[in-house]
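Trainee: Below you'll find the structure I mean.
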Amino acid sequence: MLWRIDASPGKATTWTLSWFLFIAGIAGYFYASHNRHLENPDDKVIPTLNQLAEGLSNAFLKPDSEEAAPEDLANASLATKFFTSMLWTDTLASAKRFLWAMLLLIPAVFLGLHMGMFPVIGQLFLRFILFFDKIVALSVLPILFIAFGIDELSKVMLIVIGVTPTIILDTFNLTKSVPREQIVKGFTLGAHDFGVTYRIVMKQILPRVLNSIRLNLKAVMLFLFAGEMIASQDGLAFRIALLRRHMGMNVIIPYVLWVALLLFLVDLGMKVANKRLHPWFREA
Amino acid sequence: MSKLIELEDICVIYPVHGQAPKTVLAGLHLDIQRGEFIAVCGQTGCGKSTMLRLILGAEAPTSGRVLIEGEVLPRPDRNRGYVPQKYSLFPDKTVLDNITFGPEMEEFNILGRLTPRFFKRRTELRETAHALLQQMGLDPSDAHKYPDQLSGGMQQRVAIAQALIMRPKILLMDEAFSALDPTTRSGMQRLLRTLWAETGTTILFVTHNLNEALYLGTRVVVLGKQNSQGSSRVIADLSVPADARTDDGQLRRDVLDRLIHQVEQAGEPQLAEAYS
């Protein structure tokens, strides 16, 4: 019986069930779009397939209309068109901020590791980080804009403030969860404090830390988008916010799907890298 | 023989949240000579593992002194090998890397690992590790496996090899065989006896099993409760003659009777009954 808790659906059932909501969603979208366009052929709220294709072409193959286009772009190759396109320029701008934020997570991991290993460092930082973690990052956005201006720094700082406390605390807890026996064992094998910290504990928690960062990717993107939507001249979220004013749903929808695809690829990349780098690691 | 370990009037008290502090060990005295194989027995919670951790340096006594070769050593070091019941191997390292970890850690710092000498030494260490694996009865094909791909018995064999490659003065084993099935366990006991005879390392072996203690130890120490507060001390301490260890008939029975007598004399009739 399919509805019992001990049911084991076959391959075909599993495939059908897992794709059902996607297909239903797409079908529902085009049904609604068709009905709206019967009433108003110029409707922009739920674009048709043709409108979406036009939006996609504009986003993927044309530069930002507000920027001066290269003169010979009409005869340029598809690749050249793509790499000068609005979508690509926005992706690069957002990716740069995203990478900066990711790089700034590395010190967070080291801080969490040292807090977990060295009681003095733990006592110095733990209460402060716990307090910091409770601050809603978006609520300090005005302070960030005042303190750091509306340039790149404030946007990167927003991501850092929003995500680093979680990563620090996650790393701290993971460090603390390493069995005491392993640390004692390290000492009996001639390791000193830093040997135990880096060669035993860090190596054991690294795959879990990477998983924690993976799970926080969406939060990173959330803060990045918040920053870009409020004060930016470029970036994926800037474009979405800009197009919202013009009801440019035919470009917004491809942008949203593009962001989801990018995030999925980053997540997949990290997952594969984690598996390759730590073949011993078995996820619970 | 000279004294290697001295436990002088050891008292260990743990704070308990919202309750009175718990005294685990009180007035514990024990001298251990170089080359002895001490089997430590006692009921659950009597402080056997605490005593082991004190000797290891992983824990400090509330009062009293633990002397290793006449010195107080405040933290674990390379001279005291350790084989716990669980988490005895590093899960992120292969069997070979687990075994060679200690000497590599001791001989080379992070920059030293970039020198040609490191790679040469690493090859030598891997050969030694292979020889140790063979001595432990493990297959060479196991060398590149991760700990979770090994059975419990195999993991403990690797853990012993990992400790022995450091040539420690003392090997501390905390219920190292208790999770093993009876066949694997008796194989491991024989192996440990052979290794002890070959290396002469001083071994402290904590076990619940009195038969195991009598088979392995040159001396059996029993910890037991001494008062209503539940703190423990040594209630029986008996040398086991070599012929009694190998003979599981009358000779061992005699040693057991003497041990039970000591436990009774110390006011632990229930434990004595359990042992008999």
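The values are calculated or read from the model by the stated rules, or taken from the named source; none is laboratory data. Small disclaimer: the values here were computed from a predicted structure and weren't measured. Note that we place each Cβ from the backbone using ideal geometry, even for glycine, and neighbour counts take in every protein chain shown. To get the accessible areas, we keep the full protein, side chains included, count just its heavy atoms, and leave off ligands, DNA and RNA. Shrake-Rupley method; radii C 1.70, N 1.55, O 1.52, S 1.80 Å.
Trainee: Show which lysines lie in cross-link reach of residue A:134 when reach means a straight Cα distance below 24 angstrom and same-chain residues fewer than eight apart are skipped.
Mentor: Residue A:134 reaches A:155, A:176, A:218.
Trainee: Okay, moving on. As a test of reading the structure, rank A:114, B:17, B:261 by solvent-accessible area (1.4 Å probe, protein chains only), most first.
Mentor: Numbers: A:114 30, B:17 185, B:261 100 Å².
Order by accessible area, largest first: B:17, B:261, A:114.
Trainee: Can you give me the three principal axis dimensions of segment B:82-149 from its C-alpha atoms, in Å, biggest first?
Mentor: For segment B:82-149, the Cα extents along the three principal axes come out at 34, 22, 19 Å.
Trainee: Based on DSSP H runs of at least 4 residues, each adding -39500 (n - 2.57), what is the mean residue ellipticity at 222 nm of chain B after dividing by all its residues, to the nearest 500 deg cm²/dmol? Before the final figure, lay out each step's value.
Mentor: Numbers: 9 runs with 108 residues, N = 276.
The helix contribution divided over chain B gives -12000 deg cm²/dmol.
Trainee: Oh, and also: Just to confirm, what accessible area per residue do you get for chain B at 1.4 Å probe, in whole Å²? Present the calculation step by step, with values, prior to reporting the outcome.
Mentor: Details: 12440 Å² over 276 residues.
For chain B, the per-residue accessible area is 45 Å².
Trainee: Classify segment A:86-277 as rounded, prolate or oblate from the Cα gyration tensor: take a ≥ b ≥ c as the square roots of its eigenvalues, call it rounded if a/c is under 1.5, otherwise prolate when a/b beats b/c and oblate if not.
Mentor: Working: a/c = 3.31, a/b = 1.89, b/c = 1.75.
Verdict is prolate for segment A:86-277.
Trainee: Can you give the Rg to Rh ratio of chain B, both from alpha-carbon atoms, with Rh computed by the Kirkwood formula?
Mentor: Values: Rg = 19.8 Å, Rh = 19.9 Å.
Here Rg/Rh amounts to 0.99.
Trainee: Beyond 25 Å between alpha-carbons counts as too far, so tell me which of B:86/B:169; A:96/A:203; A:185/B:22; B:169/B:225; A:271/B:120 fall in that bin.
Mentor: Values: B:86/B:169 22 Å; A:96/A:203 28 Å; A:185/B:22 27 Å; B:169/B:225 30 Å; A:271/B:120 35 Å.
Beyond 25 Å between Cα atoms: A:96/A:203; A:185/B:22; B:169/B:225; A:271/B:120.
Trainee: Turning to a different aspect of this structure: Going by a ≥ b ≥ c, the root eigenvalues of the Cα gyration tensor, does segment A:14-65 fall in the rounded group (a/c under 1.5), the prolate group (a/b larger than b/c) or the oblate group? Don't skip to the end; give the middle numbers.
Mentor: Values: a/c = 4.35, a/b = 1.40, b/c = 3.11.
Judged from the Cα gyration tensor, segment A:14-65 comes out oblate (a/c at least 1.5, b/c at or above a/b).
Trainee: For chain A, modelled as a Gaussian network with Cα springs under 10 Å, which listed residue fluctuates most, A:76, A:108, A:12?
Mentor: In the Gaussian network model the winner is A:12.
Trainee: While we're here: Using a 1.4 angstrom probe on the protein heavy atoms only, could you order B:252, B:122, A:208, A:180 from most to least accessible area?
Mentor: Numbers: B:252 30, B:122 75, A:208 105, A:180 140 Å².
So, going from the largest accessible area down, we get A:180, A:208, B:122, B:252.
Trainee: Calculate the mean, over all residues of peptide B:75-84, of how many other protein chain Cβ atoms lie within 10 angstrom of the residue's Cβ.
Mentor: Details: counts 5, 8, 5, 5, 2, 3, 3, 7, 3, 6.
Whole-number average of other-chain Cβ neighbours for B:75-84 is 5.
Trainee: Could you tell me which GluC sites (Glu not before Pro) in segment B:43-80 are loop residues by DSSP with no more than 14 other beta carbons within 10 angstrom of their beta carbon?
Mentor: Working: sites: B:59, B:69, B:71; in loops: B:59, B:69.
In loop regions of segment B:43-80 (DSSP not H, G, I, E or B), the sparsely surrounded GluC sites (Glu not before Pro) are B:69.
Trainee: Taking chain A as the reference, fit the longest principal axis to its C-alpha atoms, fit the long axis of helix A:49-61 to the helix C-alpha atoms, and give the angle between the two in degrees, 0 to 90, nearest 10.
Mentor: 60 degrees
Trainee: Roughly how many percent of the accessible protein surface of the protein assembly as shown is carbon and sulfur, given a 1.4 Å probe and a whole-percent answer?
Mentor: Working: 17970 of 29340 Å².
Here it works out to 61 percent.
Trainee: So how exposed is residue A:258, as accessible area in Å² (1.4 Å probe, rounded to 10)?
Mentor: Surface accessible to solvent at residue A:258 totals approximately 40 Å².
Trainee: Find out how many positive minus negative residues lie around residue B:153, taking Lys and Arg as positive, Asp and Glu as negative, among other residues whose Cβ is under 9 Å from that of residue B:153.
Mentor: Numbers: positive: B:157, B:185; negative: B:181.
Taking every Cβ under 9 Å from that of residue B:153, the sum is +1.
Trainee: Determine the gain in length on full extension of the stretch residue B:250-residue B:148; use 0.36 nm per residue of separation and subtract their C-alpha separation, reporting nm with one decimal. Don't jump to the answer; show the numbers that get you there.
Mentor: Details: separation 102, 0.36 × 102 = 36.72 nm, distance 4.20 nm.
So the extension gain works out to 32.5 nm.
Trainee: Residue A:127: net charge of surrounding residues, Cβ under 13 Å, Lys/Arg +1, Asp/Glu -1, itself excluded? Write down the numbers at each step before the final one.
Mentor: Values: positive: A:134; negative: A:133.
Here the count lands on 0.
Trainee: Cα gyration tensor of segment A:20-168, axes a ≥ b ≥ c as square roots of the eigenvalues: rounded (a/c below 1.5), prolate (a/b > b/c) or oblate?
Mentor: Details: a/c = 2.80, a/b = 1.88, b/c = 1.49.
Prolate.
Trainee: Where does the protein assembly as shown land on Rg(C-alpha)/(2.2 N^0.38 Å)? Let's see the in-between values first.
Mentor: Details: Rg = 32.9 Å, N = 560, 2.2 N^0.38 = 24.4 Å.
Normalised Cα radius of gyration, the protein assembly as shown: 1.35.
Trainee: With all protein chains present and a 1.4 Å probe, how do B:171, A:242, B:114 order by accessible area, largest first?
Mentor: Numbers: B:171 0, A:242 30, B:114 130 Å².
The most accessible residue leads, giving B:114, A:242, B:171.
Trainee: A further question on this structure: Return the distance in nm (one decimal) between the two label points of a simple spin-label model at residue B:9 and residue A:131, each offset 7 Å from Cα along Cα→Cβ.
Mentor: Using points 7 Å along Cα→Cβ, the separation is 4.6 nm.
Trainee: Which aspartates and glutamates have a Cα lying under 19 Å from the Cα of residue B:3, excluding residues fewer than 8 positions away in the same chain?
Mentor: Cross-link targets: B:31, B:36, B:69, B:71, B:77, B:237.
Trainee: Here is a follow-up. Which FRET efficiency value, to the nearest 0.05, is calculated for residue A:262 and residue B:109 with the Förster distance at 60 angstrom and r the Cβ-Cβ distance? Show your work: numbers first, answer last.
Mentor: Details: r = 41 Å, r/R0 = 0.69.
With a Förster radius of 60 Å, E is 0.90.
Trainee: For residue B:124, what is the net charge nearby, where nearby means another residue's Cβ is under 12 Å from its Cβ and Lys, Arg count +1, Asp, Glu -1?
Mentor: On the way: positive: B:117, B:120, B:121, B:122, B:126; negative: B:104, B:107, B:127.
Once positives and negatives cancel, what remains is +2.
Trainee: Once segment B:154-276 is represented by equal point scatterers at the alpha-carbon sites, with solvent omitted, what log10 I(q)/I(0) does the Debye formula produce at q = 0.22 Å⁻¹?
Mentor: -1.32
Trainee: Which percentage, to the nearest 5, of the DSSP beta bridges contained in the protein assembly as shown is antiparallel?
Mentor: In the protein assembly as shown, DSSP labels about 55 percent of beta bridges as antiparallel.
Trainee: Let me ask something else about it. Points 7 angstrom from Cα along the Cβ direction at residue A:148 and residue A:124: gap in nanometres?
Mentor: Going from the residue A:148 label point to the residue A:124 one covers 2.3 nm.
Trainee: Roughly how crowded by other chains is peptide B:140-151, in terms of the mean Cβ count from those chains within 10 Å of each of its Cβ atoms? Write out the running numbers ahead of the final one.
Mentor: Numbers: counts 0, 0, 0, 0, 0, 1, 4, 1, 3, 1, 0, 0.
The per-residue average across the peptide is 1.
Trainee: Under 20 Å from the 7 Å Cα→Cβ point of residue B:2, by amide nitrogen: which residues of segment B:154-185?
Mentor: Label zone hits: B:167-171.
Trainee: Continuing with this model, one more query. Could you give the Stokes-Einstein D for segment A:133-223 in µm² per second, using the C-alpha Kirkwood radius, 4 °C, 1.567 mPa s? Don't skip to the answer; put the middle values down first.
Mentor: Details: Rh = 15.1 Å.
Reported coefficient: 86 µm²/s.
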